[in-house]
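What follows is a single structure, written as structure tokens, with notes after it.
A short reminder: the numbers here are calculations on the coordinates, not readings from a lab. Just so it is clear, the model here is predicted, and its values are computed rather than measured. When we count neighbours, we look across all protein chains shown, and the Cβ atoms used for this are built from the backbone with ideal geometry, even at glycine.
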Amino acid sequence: MAIALCPGSFDPVTNGHVDIIERTARHFDEVIVAVIRNPQKSQSLFTLEERQEMLREVCGHLSNIRIEYFKGLLVDFAAEHGADAIVKGLRAVSDFDYELQMAQMNQRLSGIDTFFISTSPQYSFLSSSLVREVARFGGDVSSMVPALVAKRLEERFGRAGEPR
Ligand code: ADP
């Protein structure tokens, strides 16, 4: 049984993430989506629990997905959970340098390979940090994130167009 590991901060999960997770789920028997437990808690918009809960809801239609969290080294988590490969999404060349370095480091540390899936073009500009920024200032992100995430952002920052 081939198990893939999709790590990320998912703060919050976007349509770009969901696309990568769905496509990974087609190629592997099981996918573990692992949310980074950020030690600098104050830096994330949503708590670890909120991020996991949103992922569970938006991935509810996929039967071979598990949502977990990890702290420490990703390769240790991968070994503990029997993951065969790490799968990451690549948006643009700007992602490439860092991702290549990480993939090579993880390969050196434990022998685990990283597979890259190219982003669907309609999501290539999307990042959680940009979504947070747009939502914070009242921009409409409803076409960029699942409906329940848009709702959570709205609860946090107020509705698009409303004075704040
Ligand atoms: P972000 O960079 O948006 O904060 P994460 O750190 O949660 O995202 O990233 C988790 C994984 O999802 C990474 O492999 C990242 O490259 C990938 N990813 C994020 N957004 C997209 C997107 N729009 N298209 C494809 N992959 C993406």
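List of remarks:
- Of 29, 97, 113, the one that fluctuates the most in a GNM where the chain has Cα springs shorter than 10 Å: 97
- Selected from 121, 146, 12 as most flexible by GNM, with the chain as the system and alpha-carbon contacts under 10 Å: 121
- Scattering curve values for the chain, log₁₀ I(q)/I(0), Debye with Cα scatterers, q = 0.12, 0.14, 0.16 Å⁻¹: -0.53, -0.72, -0.94
- Residues whose amide H comes within less than 5 Å of that of residue 9, counting only those at least five positions distant or on another chain, are 36 (H built at 1.01 Å from N in the peptide plane).
- Placing pseudo-labels 7 Å out from each Cα toward the beta carbon at residue 156 and residue 130 gives an inter-label distance of 1.7 nm.
- If R0 is taken as 25 Å, the Cβ-Cβ distance between residue 104 and residue 81 corresponds to a FRET efficiency of 0.70.
- Candidates 21, 86, 112, ranked by Gaussian network fluctuation over the chain, Cα under 10 Å, top entry: 112
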